[in-house]
Amino acid sequence: QVQLVESGGGLVQPGGSLRLSCASSKKFFSIYSMGWYRQPPGKQRELIAAITSGGSTKYVDSVKGRFTISRDNAKKTVSLQMNSLKPEDTAVYYCNTDRDDKWDWGQGTQVTVSS
C-alpha cells in the first residue's frame, strides 16, 4: 500500500503564495509520472499539473504561469509552488501518479484563498 501525505496548505489572501509538498512511500518512485490534483467544494477532483520521471511538466490553462510542479526523487517528494493565488484556487489538493492505476489517495491539504 502506497502512502501519500500532502502538506503545506492553509489560508492565504488573493495574490499570495503557498508551497505544497507530497511525500510518497512508493518503491521506485522516480520512474512514475506524478500529478497534483484539486477538488473544489462541490466539484470533481481534477488534474492540474503533472511531471514525468524525466522532469517534463504540463499544466491546465487555469494555473499555467502561476503554479510550478517539481520533484525530488531522492526524497520521494513532489511539490507545487503556487503564486498569484485566486479565490477560485480554493480546494483540497492531492498528489498521486497520473497513471490510470492510481495509488491510494492521501487526505489532501486544504487551500483557502480569501481576503
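The values are calculated or read from the model by the stated rules, or taken from the named source; none is laboratory data. Everything numeric in this text was worked out from a predicted model, so none of it was measured. We work out accessible area using only protein heavy atoms, side chains counted, and drop any ligands, DNA or RNA first. Shrake-Rupley method; radii C 1.70, N 1.55, O 1.52, S 1.80 Å.
General observations
- Pairs of lysine residues in the chain - Cα separation under 20 Å, sequence separation of 8 or more or cross-chain: 13
- For the chain, accessible area per residue (1.4 Å probe, heavy atoms of protein chains only), Å²: 53
- Heavy-atom accessible surface of the chain: percent carbon and sulfur, 1.4 Å: 45
- Percent of Cα pairs exceeding the 21 Å cut-off, where the set is the chain: 29
- Between ALA49, ALA23, ALA74, the Gaussian network model of the chain with springs among Cα atoms under 10 angstrom shows the greatest mean-square fluctuation at ALA74.
- Look at where the Cα atoms of the range 74-100 and of the range 1-56 average out, and the two centres are 3 Å apart.
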